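Report on one structure; see the data block that follows.
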Amino acid sequence: MSITIRTAVPTDVPFLVECNAEMARETEHKTLDRDALTRGTRAVFDDPRRGFYLVAEQDGKSAGCLLVTYEWSDWRNGDWWWFQSVYVVPAQRRRGVFRRLYAEVERRAREAGAVGLRLYVERDNVHALRTYASLGMDEEPYRMLGRGFIEFG
């Protein structure tokens, strides 16, 4: 089975929206507003400073995706690249799809001079934690805090 990774294009929006909705349902048991999600997904294509999506294809069919966003580090004078909205369709899991996506992000980040890669993961998502650790990612010494202004599912 051949896995290829490519930069997403606007015609991928329906697939990206579906993946994001399923990821929220599976990991957080949340139902996202599809209109807001569609507008938010399209907004990435409208302003490249927001980041970029990658799509994994296996044998010509969309198999997974992720969003990369940037966080400026004044301490390091460079960008952290954040993995966001990671999703692999259930039928394609455990086949190396995410590993290929990860490798492509790492390659691009190094090429761009990023200071490193980061992501956040649900505390109880044991499978994801194992996968990320197997790729060399370590738990950061920080706790994430937040204050949302928009409620959803």
Just one of the numbered conditions (1) buried (at least 17 other Cβ atoms within 10 Å of the Cβ); (2) more than 12 Å from the chain's Cα centre (by Cα) is not true of Arg42; which one? (1)
Residue hits (the range 18-43; in a helix (DSSP H, G or I), of a type outside the set (S, T, N, Q) and touching a Gly at 6+ places or on another chain (Cβ under 9 Å)) are Cys19, Ala24, Arg25, Glu28
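I need the full set of residues from the range 62-91 which are within 8 Å of the chain's Cα centre (by Cα) and not aromatic (Phe, Trp, Tyr), in order please. Even if it seems obvious, please write down each step before you answer.
Looking only at the range 62-91, we keep the residues that are within 8 Å of the chain's Cα centre (by Cα), and these are 65-68, 82-87.
Within the range 62-91, Cys65, Leu66, Leu67, Val68, Gln84, Ser85, Val86 meet the criteria.
Any idea which of Arg6, Arg34, Arg42 is basic (Lys, Arg) and either touching a Cys at 6+ places or on another chain (Cβ under 9 Å) or free of Cβ contacts under 8 Å to residues at least 24 places away in the same chain (or both)? First the steps, then the outcome.
Details: Arg6 fails: either touching a Cys at 6+ places or on another chain (Cβ under 9 Å) or free of Cβ contacts under 8 Å to residues at least 24 places away in the same chain (or both); Arg42 fails: either touching a Cys at 6+ places or on another chain (Cβ under 9 Å) or free of Cβ contacts under 8 Å to residues at least 24 places away in the same chain (or both).
On inspection, the qualifying residue turns out to be Arg34.
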Scan the range 9-26 and give yes if some residue there is free of Cβ contacts under 8 Å to residues at least 60 places away in the same chain, surrounded by 15 or more Cβ atoms within 10 Å (Cβ to Cβ) and over 24 Å from Asn125 (Cα atoms), otherwise no. yes
Would the range 89-103 turn up any residue that is at pLDDT 95 or above and among the small types (Gly, Ala, Ser)? yes
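The values are calculated or read from the model by the stated rules, or taken from the named source; none is laboratory data. Remember, predicted model here, so these are calculated numbers, not experimental data. Methodologically, a virtual Cβ is constructed for each residue, glycine included, from the backbone with ideal geometry; neighbour enumeration extends over all protein chains shown.
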